[in-house]
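To start, the structure itself, in C-alpha cells.
The values are calculated or read from the model by the stated rules, or taken from the named source; none is laboratory data. Keep in mind the model is a prediction, meaning the values are calculated, not measured. Don't worry about glycine lacking a Cβ; one is built from the backbone with ideal geometry, like all the others, and counts go over all protein chains shown. In case anyone asks, the SASA skips ligands and DNA or RNA and just uses the protein heavy atoms, side chains included. Shrake-Rupley method; radii C 1.70, N 1.55, O 1.52, S 1.80 Å.
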Amino acid sequence: MNSAQTTANPEPVQVIAVAGAGNGSGRTSVAVNLAAALANRGHRTMLLDGDPALADVAAALDLHPRYGLADVIAGRCDLASILLDGPSGLRVVPAGANQSRLTALSAAQSRGLIAAFSDLDETPDVLVVDTAAGAGSATRQFIQAAGEVLVVVGGESPALHQNRDLIRALGGRAGHTRFRVLVNRSDDSCGAEVAERLARLTEAEVEVALHYVGAIPDDPQIERARALGLPVVNAFAHSPAGRAYKRLARRIESWAPPPRHRGGAAFFIERVIRSHQPMQCQAST
Ligand SMILES: Nc1ncnc2c1ncn2[C@@H]1O[C@H](COP(=O)(O)OP(=O)(O)O)[C@@H](O)[C@H]1O
Ligand SMILES: [Mg+2]
C-alpha cells in the first residue's frame, strides 16, 4: 500500500471507537448519541457504522441507505455519494452489505478506499465508529486504528468478565494501553464502582489503564427517541440520558487532541487496513 497519496490531508481527526462485549450493551445507542451530542456542540462529526451484520446506526436515525462502505470498496459507488445526513449536521457512513471484506482488500482496493477518504471535500474533527460486539477481526481493525476506545459496559458480573476478556484481546502488546469506560444504564456513582471493579479485574492481567468517563442512566426516553429516529440529545435534550450525553460530550472535549501525526479520516482508514494482522490472544466472548 502506498501511503504517499494520503499526505494531502493535514488535519488530525479524533477517532473514537465504541466497543463492548455482548449485543445489547448499548454500543450503537452510545455511538449515535455521543456523535449527535458532539455535533450539537459544533464539532464536524462523522459517524461510521462498523457493525455490518446489524447496520443499526442507520436504523437508529431513520436513514435508509441504498449503499454503504462495502459498495465503495467494491467500486460500485464513491464515498461522497454514500454519506447520509443525520441531525445537527452529523454525517453518517453506512455499513453496506459486507464490510468484513475490509480484511481481504487487494492493494488496489486499499489504495482506492484511502484515496476516497482523502478526496472527500469535508474533513471531520471527530469520527465516531460503532463496532460489532466482541473482538472479531473487523472490530479489532477499527479499534487498533482508533485513537480512543470507549468501552460500553453494563453493571452485571458476567458483562464485566466479558469486557475484561475484550480488553485483554485489544490491549497489551501491540494494542491499546488506555481504554475509556462508560457504564450504561447506571447512575454516576454506581458507574464509578462498576468501572473500578472492571479496572481491578483487568489491570491485574493486562498492562492497560482504564479511565472512567461517566454513566448513562437507564432512561425510557432513549427508546422513545429511537422510535422517532432521533438521538435522545435532540429529541429529549433535558431528559436524564440527554443531559448525561451532553456531559459526556463536554468531558471528551477535555481529552488531549489527537497528535498531528495521526492524520485525518483517510489515515484512519489506512491504519484500519494495515492493522489486519494475526491476533496475539483470543477473546472468549
Ligand atoms: N441507557 C439506556 N436506557 C434505556 N435504553 C437503552 C439504553 N441504552 C441502550 N438502550 C436500548 O437498548 C437496546 C440495545 O442497545 P444497542 O445500542 O442497540 O446495543 P448494542 O449496539 O450494544 O447491541 C436499544 O433498543 C437501545 O435503544
Ligand atoms: Mg449495535
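Would segment 128-135 turn up any residue that is under 21 Å from Ala95 (Cβ atoms), modelled with pLDDT under 85 and either out of contact with any Leu (no Cβ under 7 Å at 6 or more places or on another chain) or open to solvent by 10 Å² or more (accessible area, probe 1.4 Å) (or both)?
Yes.
Within segment 22-50, which residues are assigned to a loop (DSSP other than H, G, I, E, B) and either within 16 Å of ligand 2 (Cβ to nearest atom) or more than 19 Å from Arg250 (Cβ to Cβ) (or both)? Reasoning before the result, please.
Initial filter on segment 22-50 (assigned to a loop (DSSP other than H, G, I, E, B)): 22-26, 41-44.
Within segment 22-50, Gly22, Asn23, Gly24, Ser25, Gly26 qualify.
Being touching a residue at least 24 places away in the same chain (Cβ under 8 Å), assigned to a helix (DSSP H, G or I) and either within 17 Å of Thr28 (Cα to Cα) or open to solvent by 30 Å² or more (accessible area, probe 1.4 Å) (or both) is the filter here, so list the residues in segment 137-158 that pass it.
Ser137, Ala138, Thr139, Arg140, Phe142, Ile143, Gln144 - these are the residues of segment 137-158 that are touching a residue at least 24 places away in the same chain (Cβ under 8 Å), assigned to a helix (DSSP H, G or I) and either within 17 Å of Thr28 (Cα to Cα) or open to solvent by 30 Å² or more (accessible area, probe 1.4 Å) (or both).
Check segment 51-73 and report whether any residue there is open to solvent by 30 Å² or more (accessible area, probe 1.4 Å), closer than 23 Å to Ala235 by Cα, modelled with pLDDT of 95 or more and assigned to a helix (DSSP H, G or I).
The answer is no, given that none of the residues of segment 51-73 is open to solvent by 30 Å² or more (accessible area, probe 1.4 Å), closer than 23 Å to Ala235 by Cα, modelled with pLDDT of 95 or more and assigned to a helix (DSSP H, G or I).
For (1) crowded, with 21+ Cβ neighbours inside 10 Å; (2) in contact with a strand residue (DSSP E or B) (Cβ under 9 Å, 6 or more places away or on another chain); (3) modelled with pLDDT of 95 or more; (4) not β-branched (Val, Ile, Thr), each residue gets a yes or a no:
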{"residue": "Gln5", "(1), (2), (3), (4)": "no, no, no, yes"}
{"residue": "Ala8", "(1), (2), (3), (4)": "no, no, no, yes"}
{"residue": "Glu11", "(1), (2), (3), (4)": "no, no, no, yes"}
{"residue": "Gln14", "(1), (2), (3), (4)": "yes, yes, no, yes"}
{"residue": "Ala17", "(1), (2), (3), (4)": "yes, yes, no, yes"}
{"residue": "Arg27", "(1), (2), (3), (4)": "yes, yes, yes, yes"}
{"residue": "Leu34", "(1), (2), (3), (4)": "yes, yes, yes, yes"}
{"residue": "Leu38", "(1), (2), (3), (4)": "yes, yes, yes, yes"}
{"residue": "Asp49", "(1), (2), (3), (4)": "yes, yes, no, yes"}
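Among the residues of segment 236-276, which ones are in contact (Cβ under 8 Å) with a residue 40 or more places away in the chain, exposed (fewer than 14 other Cβ atoms within 10 Å of the Cβ) and within 23 Å of Val181 (Cα to Cα)?
Across segment 236-276, the qualifying residues are Arg250, Glu253, Pro257, Pro259.
Where in segment 191-285 are there helices (runs of 4 or more DSSP H), lying fully within it, with 2 or more residues that are modelled with pLDDT under 95 and under 16 Å from Val149 (Cα atoms)? Write out each step before concluding.
Values: elements: 220-227, 232-235, 240-253, 265-274.
Here the list reads 265-274.
How about segment 210-233: which of its residues are open to solvent by 40 Å² or more (accessible area, probe 1.4 Å) and either more than 16 Å from ligand 1 (Cβ to nearest atom) or touching a His at 6+ places or on another chain (Cβ under 9 Å) (or both)? Show your work before the answer.
Keep residues of segment 210-233 that are open to solvent by 40 Å² or more (accessible area, probe 1.4 Å), which gives 211-212, 218, 220-221, 223-224, 226-228, 230.
Matches in segment 210-233: His211, Tyr212.
Picking from Ala35, Ala58, Ala31, which residue would you name as being without any contact (Cβ under 8 Å) to a residue 40 or more places away in the chain, within 14 Å of ligand 1 (Cβ to nearest atom) and of a type in the set (A, V, I, L, M)?
Details: Ala35 fails: without any contact (Cβ under 8 Å) to a residue 40 or more places away in the chain; Ala31 fails: without any contact (Cβ under 8 Å) to a residue 40 or more places away in the chain.
Of the residues listed, the single one that is without any contact (Cβ under 8 Å) to a residue 40 or more places away in the chain, within 14 Å of ligand 1 (Cβ to nearest atom) and of a type in the set (A, V, I, L, M) is Ala58.
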